[in-house]
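First the structure, in the form of C-alpha cells, and then the observations on it.
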Amino acid sequence: MKHFCLMCGTQLEARIIEDREREFCPGCGWIHYKQYKVSAGVRIEKNGCLLLVQRGIQPWKGNWYMPAGFLEINEEPEDAAVREAFEETGLNVKTHGLAGVYTYNDDPRGNGILFLYDAEIIGGNMQESDETLQIAFLSPDEIIGLEFTGNCGRHQISDWLKTKGIEMDVNHV
Ligand SMILES: [Zn+2]
C-alpha cells in the first residue's frame, strides 16, 4: 500500500535508518517512526472470580478480555483504565496499583503496550455497552478454554490464573 507524508503529502519511500527499515519522505525529510499504541485496563477480582468482558465488535468479536482501551492523547493510564471500565461495563472502579505491563504484536490495529491495574468496584450498574456482548465474573474453571483477545489478553489472564496457582499455556490459540 502507498503511504504519503503527514507533513507535506509526498509519497514515502522505504529507507534503512538507524538499522531499521522506515518510511522516509524524499520531499521534506520526515521519517515515520512506528510506535506502540498505548492502552490501559483493569483487573477486578471478586470472590475468587475475575471480571471479564466478551467483545461485541471486531477484532476478536466473541472473545473475552479484561476491560481496557486506548489512551487519549492527554490522558494518564490510570484515568484511561477507569474510563474504559465504565464505558465497557457501566461500573465505577478505583485502581489499586499496577498489576502488570504487557505488549502485543497480533492486533490488526497495530502493536501496542498495555498498563493493567488492579481495581475494585465502587459503584455503578453492570451493563453491557454497544461494544460488549456479556460481562461476567468467571472462575478459573470457567475461564480456561475460553477464547481471549490475542496474545496480550492471554498473557494477562494467564498471569491472574498464576496468582491462583493455575498454569495456562499462553501460546494456546
Ligand atoms: Zn514530507
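Only one of these is among the hydroxyl-bearing types (Ser, Thr, Tyr) and over 19 Å from the mean Cα position of the chain (by Cα): Ser139, Ser158. Name it.
Ser139
I'd like to check something: does segment 37-48 contain any residue that is open to solvent by 60 Å² or more (accessible area, probe 1.4 Å), of a type in the set (A, V, I, L, M, F, W, C), at pLDDT 95 or above and out of contact with any helix residue (DSSP H, G or I) (no Cβ under 6 Å at 6 or more places or on another chain)? Outline the logic, then answer.
Just the residues of segment 37-48 that are open to solvent by 60 Å² or more (accessible area, probe 1.4 Å), to begin with: 37, 45-47.
Filter again for of a type in the set (A, V, I, L, M, F, W, C), leaving none.
No; the residues of segment 37-48 include none that is open to solvent by 60 Å² or more (accessible area, probe 1.4 Å), of a type in the set (A, V, I, L, M, F, W, C), at pLDDT 95 or above and out of contact with any helix residue (DSSP H, G or I) (no Cβ under 6 Å at 6 or more places or on another chain).
I need every pair where a residue in segment 89-113 that is under 18 Å from Phe148 (Cα atoms) and outside any strand (DSSP E or B) has its Cβ under 6 Å from the Cβ of a residue that is open to solvent by less than 80 Å² (accessible area, probe 1.4 Å) and not basic (Lys, Arg), sequence separation at least 6 or different chains.
Thr89/Pro67; Thr89/Ile135; Asn105/Asn111; Asp106/Gly150; Asp106/Asn151; Asp107/Gly150; Pro108/Pro59
Any residue in segment 119-130 that is out of contact with any Cys (no Cβ under 9 Å at 6 or more places or on another chain), surrounded by 17 or more Cβ atoms within 10 Å (Cβ to Cβ) and not basic (Lys, Arg)?
If we filter segment 119-130 for residues that are out of contact with any Cys (no Cβ under 9 Å at 6 or more places or on another chain), which is where we start, we get 119-130.
Cutting the leftovers down to surrounded by 17 or more Cβ atoms within 10 Å (Cβ to Cβ) gives us 119.
This time we only want the ones that are not basic (Lys, Arg), so: 119.
Scanning segment 119-130 turns up at least one residue that is out of contact with any Cys (no Cβ under 9 Å at 6 or more places or on another chain), surrounded by 17 or more Cβ atoms within 10 Å (Cβ to Cβ) and not basic (Lys, Arg).
Checking the conditions here, which among Glu78, Glu167 is acidic (Asp, Glu), outside any strand (DSSP E or B), modelled with pLDDT of 95 or more and open to solvent by 70 Å² or more (accessible area, probe 1.4 Å)?
Checking each option against the conditions leaves just Glu78.
So which residues in segment 1-36 are open to solvent by 60 Å² or more (accessible area, probe 1.4 Å) and among the small types (Gly, Ala, Ser), if there are any at all?
Within segment 1-36, Ala14 is the sole residue that qualifies.
If you take the residues in segment 131-164 that are closer than 20 Å to Ala40 by Cβ and not in a helix (DSSP H, G or I), which one is modelled with the lowest pLDDT?
Within segment 131-164, the match that is modelled with the lowest pLDDT is Glu131.
Inside segment 1-53, counting only strands (runs of 3 or more DSSP E) that do not spill past its ends, which hold 2 or more residues that are within 14 Å of the ligand (Cβ to nearest atom) and out of contact with any Pro (no Cβ under 9 Å at 6 or more places or on another chain)?
Because the criterion is at least 2 residues that are within 14 Å of the ligand (Cβ to nearest atom) and out of contact with any Pro (no Cβ under 9 Å at 6 or more places or on another chain), the strands (runs of 3 or more DSSP E) in segment 1-53 that meet it are 20-24.
Does Gly62 qualify as being part of a loop (DSSP other than H, G, I, E, B), at positive phi and more than 16 Å from the ligand (Cβ to nearest atom)? Give the steps one after another, and end with the answer.
Details: part of a loop (DSSP other than H, G, I, E, B): yes; at positive phi: yes; more than 16 Å from the ligand (Cβ to nearest atom): yes.
Yes; evaluated as a whole, the condition is true for this residue.
The values are calculated or read from the model by the stated rules, or taken from the named source; none is laboratory data. The structure displayed is predicted, hence computed values, not measured ones. In this analysis, Cβ positions are derived from the backbone assuming ideal geometry, glycine residues included, and neighbour counts consider all displayed protein chains. Surface accessibility is based on the protein's heavy atoms, side chains included, excluding ligands, DNA and RNA. Shrake-Rupley method; radii C 1.70, N 1.55, O 1.52, S 1.80 Å.
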